[in-house]
1. Using each residue's phi in the range 129-137, evaluate 6.51 cos²θ - 1.76 cosθ + 1.60 at θ = phi - 60° and report the 3J(HN,Hα) Karplus result to the nearest Hz, with x for Gly and Pro.
2. Using only the Cα atoms of the range 141-190, construct the convex hull and provide its projected area averaged over every direction, in square nanometres to one decimal.
3. Pairs of alpha-carbon atoms within less than 8 angstrom and 6+ residues apart define the contacts here; what relative contact order does the range 116-161 have, in percent?
4. Let me know the whole percent of all Cα-Cα pairs from the range 85-211 that are separated by more than 20 Å.
5. Take every Cα-Cα pair in the range 13-92 and report what % of them are more than 17 Å apart.
6. Using θ = phi - 60° and the Karplus relation 6.51 cos²θ - 1.76 cosθ + 1.60, list the HN-Hα couplings for the range 48-57 in order, rounded to whole Hz, with x at every Gly or Pro.
7. Quick one: what are the phi-derived ³J(HN,Hα) couplings along the range 63-71, Karplus 6.51/-1.76/1.60 with θ = phi - 60°, whole Hz, x for glycine and proline?
8. Starting from the Cα-Cα distance between residue 155 and residue 137, subtract it from 0.36 nm times their residue separation and give me the gain in nm to one decimal.
Amino acid sequence: MTTVLLTGFEPFGGDQTNPSGAAVHLVAAQWSGPEVLITAVLPVTFEGAADRMRALIAEHEPDAVIASGLAGGRSAVGVERVAVNLIDARIPDNDGVQPIDSPSVESAPPAHFSSLPVKAIAGAIRDAGIPAEVSFSAGTFVCNHVFFVTMQTVAAHVRAGFIHVPCSSEHSPRPDAASLPLADIARALEIAVRTTLSVGEDVRVPGGSIH
Ligand code: PCA
């Protein structure tokens, strides 16, 4: 039986909600199988989130892992391509911890690439009428850390990666900020899971950026 692990995050930085965590609950409620979908909402702490992700992978031995988090200010769903082995926290995490210029994992490579079909996922989300793009930086906060730890932890055959989502229109901290309806964010994550399960090799279309 194929098992997929899909995670989101709790609120952070003073926000009351986090659309990634809320969307993951929606995807779980709507999931029709036949694959087993395991969902979890991770704490926004460097130590707690990484420990939880490692424990979830050890317990469920998923065939695919898609972690998601909020990128406030972005207007499109960002299918992340690169996890860097660097923490440089601009704000404290929910434990009050703010590491500066430390590796995510000691003695690990400088970066890992996503093993998801990132271009196929971005294209499939756009085909559903939801803005999406391949992104080349997941930042240097807890999301990138979880992305890096995930890629460092999973077995070579496991498809894994990270998706950043915009604010949800229903809970946007600023009415003028870029946002998407929560239902669209959930649909985007579900499409990412379905595309990961159905697409082998990623599509060979331009997905890069000049800067
Ligand atoms: N976004 C933050 C951490 C948790 C989340 O949802 C980030 O992009 O690092």
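The values are calculated or read from the model by the stated rules, or taken from the named source; none is laboratory data. The structure presented is a predicted model; accordingly, all values stated were derived computationally and were not measured. Because the Cβ atoms are built from the backbone with ideal geometry, glycine has one as well, and the counts that use them run over all protein chains shown. Each accessible area value is taken on the protein alone, full model and side chains, heavy atoms only, with ligands, DNA and RNA left out. Shrake-Rupley method; radii C 1.70, N 1.55, O 1.52, S 1.80 Å.
1. x, 10, x, 8, 8, 6, 10, 10, 8
2. If you wrap the Cα atoms of the range 141-190 in a convex hull and average its projections, you get 4.4 nm².
3. 33 percent
4. On the way: 4323 of 8001 pairs.
Percentage above 20 Å: 54.
5. Values: 1865 of 3160 pairs.
Tail of P(r) above 17 Å: 59 percent of Cα pairs.
6. Computed from phi, the couplings for the range 48-57 are x, 5, 5, 4, 5, 4, 4, 5, 5, 5 Hz.
7. Computed from phi, the couplings for the range 63-71 are 7, 9, 10, 10, 9, 9, x, 8, 10 Hz.
8. On the way: separation 18, 0.36 × 18 = 6.48 nm, distance 2.30 nm.
Full extension of this stretch gives 4.2 nm more.
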